[in-house]
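J.: This structure is in structure tokens; I'll ask about it shortly.
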Amino acid sequence: MNVQSLYAQYQVPTNLQQHMLRVAAVAQIIVSAWHGPPIHPTAIIQTCLFHDIAKPVTFDMAKQRQFLSTDEEIEAVASLKAWLIKTYGENEHQAAKKIFSEMQLSPRSLTLVDHLEWSYIPRLLAEKDIESLIPIYADMRVGPQGILSLEDRLNDLVSRATVDNPEQLRDSGLQLEKLLQTYTHVSLLEINNDQVKRVIRDQLWTI
């Protein structure tokens, strides 16, 4: 089944679809140029394509109004949130894992989505779990409007006070970027919106 069919099946909002496609495209650029320790590219891409599929369970509907233009869209997202909670529970990670299992994604992707928390970076670096770190880094590079440098993304989050321990996140994030760069033929700093658009356009991702 193709990715768009699955997005439709789970009623994924358009802005969330775009975010996950961008994250997957960043990960695709990285794994296509990888020369480091063994990784499972399929599991990584699957994780990125669907990592936020249960995100609506956490939505603050008042804040969602800035992303939605009509009352109909707001009602649809509220209905989606209620359906996800009723069907998969209120815990985003556990709901995502249930959906991953339902879609019959690889067992490794279930582990990767469970690890996809920025606050886990120090632990994953210490454990040298590079495979889990790739989806996290790809997610960190995607802002609301598209691709940002890691430095700009972190500065934006710090300025909006939307993360805990921002200085630790900045340090661990830059450490992560440096580590991944040693194993990647492409320059991570040069990944941009045009590259990502081409990957999304040309890549025929299926599950």
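The values are calculated or read from the model by the stated rules, or taken from the named source; none is laboratory data. As the structure is a prediction and not an experimental result, all values here were calculated from the model. Backbone-built Cβ (ideal geometry, glycine too); neighbour counts: all protein chains shown.
J.: Quick check on the range 47-64. Is at least one of its residues in contact (Cβ under 8 Å) with a residue 24 or more places away in the chain and basic (K, R)?
T.: First, the residues of the range 47-64 that are in contact (Cβ under 8 Å) with a residue 24 or more places away in the chain: 47-58.
With the extra rule that they be basic (K, R), the set shrinks to 55.
The answer is yes; a qualifying residue exists.
J.: Now, a different point. Can you report the number of residues in the range 182-199 which are assigned to a helix (DSSP H, G or I) and among the β-branched types (V, I, T)? First the steps, then the outcome.
T.: Let us first name the residues in the range 182-199 that are assigned to a helix (DSSP H, G or I), namely 182, 188-190, 193-199.
Still in the list and also among the β-branched types (V, I, T): 182, 196, 199.
So the answer is 3.
J.: Could you tell me how many of the residues in the range 61-77 are part of a helix (DSSP H, G or I) and surrounded by 15 or more Cβ atoms within 10 Å (Cβ to Cβ)? Walk me through it before giving the result.
T.: Residues of the range 61-77 part of a helix (DSSP H, G or I): 61-64, 71-77.
Filter again for surrounded by 15 or more Cβ atoms within 10 Å (Cβ to Cβ), leaving 64, 73-74, 77.
Residues meeting the conditions: 4.
J.: While we're here: Would you call I147 in contact with a Phe, Trp or Tyr (Cβ under 9 Å, 6 or more places away or on another chain), of a type outside the set (S, T, N, Q) and either on the phi > 0 side of the Ramachandran plot or surrounded by 14 or more Cβ atoms within 10 Å (Cβ to Cβ) (or both)?
T.: Details: in contact with a Phe, Trp or Tyr (Cβ under 9 Å, 6 or more places away or on another chain): no; of a type outside the set (S, T, N, Q): yes; either on the phi > 0 side of the Ramachandran plot or surrounded by 14 or more Cβ atoms within 10 Å (Cβ to Cβ) (or both): yes.
Spelling it out, it is not the case that I147 is in contact with a Phe, Trp or Tyr (Cβ under 9 Å, 6 or more places away or on another chain), of a type outside the set (S, T, N, Q) and either on the phi > 0 side of the Ramachandran plot or surrounded by 14 or more Cβ atoms within 10 Å (Cβ to Cβ) (or both).
J.: Quick one: would you say Q4 is surrounded by fewer than 20 Cβ atoms within 10 Å (Cβ to Cβ) and either assigned to a loop (DSSP other than H, G, I, E, B) or modelled with pLDDT of 95 or more (or both)? Please lay out each step first, then the result.
T.: Working: surrounded by fewer than 20 Cβ atoms within 10 Å (Cβ to Cβ): yes; either assigned to a loop (DSSP other than H, G, I, E, B) or modelled with pLDDT of 95 or more (or both): no.
No.
J.: Could you say whether any residue in the range 108-124 is in contact (Cβ under 8 Å) with a residue 12 or more places away in the chain, in a helix (DSSP H, G or I), over 30 Å from V158 (Cβ atoms) and in contact with an Asp or Glu (Cβ under 9 Å, 6 or more places away or on another chain)? Lay out the reasoning, then the answer.
T.: Kept after step one, since they are in contact (Cβ under 8 Å) with a residue 12 or more places away in the chain, are these residues of the range 108-124: 108-122, 124.
Subset that is in a helix (DSSP H, G or I): 108-114, 118-122, 124.
The next check asks that each one be over 30 Å from V158 (Cβ atoms); those that pass are 108-110.
Those still in the list that are in contact with an Asp or Glu (Cβ under 9 Å, 6 or more places away or on another chain) too: 108.
Yes, some residue in the range 108-124 is in contact (Cβ under 8 Å) with a residue 12 or more places away in the chain, in a helix (DSSP H, G or I), over 30 Å from V158 (Cβ atoms) and in contact with an Asp or Glu (Cβ under 9 Å, 6 or more places away or on another chain).
J.: Of the residues V12, V3, only one is within 16 Å of F100 (Cα to Cα), in contact with a strand residue (DSSP E or B) (Cβ under 8 Å, 6 or more places away or on another chain) and of a type in the set (A, V, I, L, M); which?
T.: Working: V12 fails: in contact with a strand residue (DSSP E or B) (Cβ under 8 Å, 6 or more places away or on another chain).
Result of the check over V12, V3: V3.
J.: Now, a different point. Which one is surrounded by the fewest Cβ atoms within 10 Å (Cβ to Cβ), of the residues in the range 18-60 that are part of a helix (DSSP H, G or I) and of a type in the set (D, E, K, R)?
T.: Within the range 18-60, the first condition is being part of a helix (DSSP H, G or I), and the residues that meet it are 18-32, 41-50, 55-58.
Still in the list and also of a type in the set (D, E, K, R): 22, 55.
Values: R22: 23, K55: 18.
The residue in question is K55.
J.: Mind listing just one residue for me: the one in the range 175-207 that is loosely packed, with under 14 Cβ neighbours inside 10 Å and among the hydroxyl-bearing types (S, T, Y) and, of those, nearest to E131 (Cα to Cα)?
T.: T182
J.: Being among the basic types (K, R) and either farther than 23 Å from L125 by Cα or under 17 Å from the mean Cα position of the chain (by Cα) (or both) is the filter here, so list the residues in the range 147-206 that pass it. Let's see the steps before the verdict.
T.: Let us first name the residues in the range 147-206 that are among the basic types (K, R), namely 153, 160, 170, 178, 197-198, 201.
Once the filter is applied, which keeps residues that are among the basic types (K, R) and either farther than 23 Å from L125 by Cα or under 17 Å from the mean Cα position of the chain (by Cα) (or both), the range 147-206 yields R153, R160, K197, R198, R201.
J.: Out of D164, D156, I need the residue that is outside any helix (DSSP H, G or I) and either of a type in the set (D, E) or within 18 Å of V26 (Cα to Cα) (or both). Which one? Give the derivation first.
T.: Working: D156 fails: outside any helix (DSSP H, G or I).
After applying the criteria, what remains is D164.
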